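Here the structure comes first, spelled out in structure tokens, and everything after it is commentary.
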Amino acid sequence: MQENYWAFLLFVIVMTGTPGPGNLAMLALGQSVGFKKSIPFLIGMVTGGVFVGVLICMGLGELYMTSPRTASVFKIISIMYILYLAWKVMMMNVKPPEEVRPFTVYDGLMLHPLNPKNWAMNISAFSQFADPTAPRLFEISIFVLTFGCGALLFHSLWGYAGSSLLRLLRTRTLRLCINSSMVVLMVGATLYALYK
């Protein structure tokens, strides 16, 4: 992987920086409760993403790719979890501000293991960029650390962008419109990743 690391890094930047359930959830959460209160969710997401990366490197991606039954169960659980997160995002704008509870570390921890975009990008990256002749532990370390740093950076930026919107959007109606859009995009991105 070290021989084509720059191509891998570019892949990570594109995949972790573009809209997906994690980034859109951070944008909506930052816009609802601010960046500081989004940090537990962020920590959970990055940890969950690292966990998925390790599982893919250890061969679980092959099970997902070769077992239609496993893939079908995963798709159902994924969409149910994304719909649950979408409902929580919408409830943040329906409840009075003092009753809004930010997402927890556990909510974030579950996002990437149940995020089809995360699985697809990890499987694709590992199959394209990993060197089967290199020491396995070294390859896994490079792979997981690079994806983890990319996720931390871009999820943080999306959350910070959301908190900037919170300062700009004073009316609850505008925030509800923004979060409704994020929910539609989050669910749409998940459905697209599942059924493309």
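The values are calculated or read from the model by the stated rules, or taken from the named source; none is laboratory data. These numbers were taken from a predicted model, which means no experiment stands behind them. Glycine gets a Cβ as well: all are built from the backbone with ideal geometry, and neighbour counts include every protein chain shown. Accessible surface areas use protein heavy atoms only, side chains included; no ligands, DNA or RNA. Shrake-Rupley method; radii C 1.70, N 1.55, O 1.52, S 1.80 Å.
Things to note:
- Simple spin-label estimate for Phe51 and Ser181 in nanometres, 7 Å along Cα-Cβ: 3.3
- Among Phe51, Gly188, Ile13 - extreme Cα towards positive end, dipole of the chain, charges at beta-carbon: Gly188
- The candidate values were [x] 8, 32, 34, 19, 6, 1, 0; [y] 9, 37, 33, 16, 5, 0; [z] 9, 37, 39, 14, 1, 0; the one computed from these coordinates for P(r) over Cα pairs in 10 Å bins from 0, in percent carries the label [y].
- Cut-off 13 Å between beta-carbons: net charge of the residues surrounding Leu29, Lys and Arg +1, Asp and Glu -1: +4
- Residue-span extension gain [Arg172 to Cys149] - 0.36 nm each, minus C-alpha spacing: 4.9 nm
- Note on surface exposure: Leu114, Leu109 rank Leu109, Leu114 by accessible area, highest first, 1.4 Å probe.
- Candidate aspartates and glutamates for bridging to Lys88, where Cα separation is under 16 Å - those fewer than 8 sequence places away on the same chain excluded: Glu98, Glu99, Asp107
- The apolar share of the surface of the chain, taken as the fraction of accessible area on carbon and sulfur atoms (1.4 Å probe, ligands and nucleic acids excluded), comes to 72 percent.
- Calculated P(r) tail over 14 Å for region 33-116, as whole % of Cα pairs: 69
- Cα pair distances exceeding 19 angstrom across region 71-162, given as percent: 56
- Surface analysis of region 1-125 yields an accessible area of 48 Å² per residue, using protein heavy atoms and a 1.4 Å probe.
- Charge sum, other residues only, whose C-beta stays under 15 Å from Leu85's C-beta, Lys/Arg counted +1 and Asp/Glu -1: +2
- Radius of gyration and maximum dimension Dmax of region 115-176, Cα, Å: 17.9, 57
- Here the mean projected area of the convex hull built on the C-alpha positions of region 1-56 is 4.5 nm².
- Value of Rg to Rh for region 68-124, rounded to two decimals, is 1.09; Kirkwood radius and Rg both from alpha-carbon coordinates.
- Net length gained if the chain between Val94 and Thr18 were fully extended (0.36 nm per residue, minus Cα distance): 24.6 nm
- Note on Lys37: accessible area approximately 120 square angstrom, rounded to 10, probe 1.4 Å, nucleic acids and ligands left out.
- Average Cα contact separation per residue, the chain, under 8 Å, 6 or more apart, as relative contact order %: 47
- The candidates Arg69, Arg172, arranged from most to least accessible area with a 1.4 Å probe in the full protein assembly, appear as Arg69, Arg172.
- Cβ-Cβ FRET estimate between Leu9 and Glu62, R0 fixed at 22 Å, reported to 0.05: 0.35
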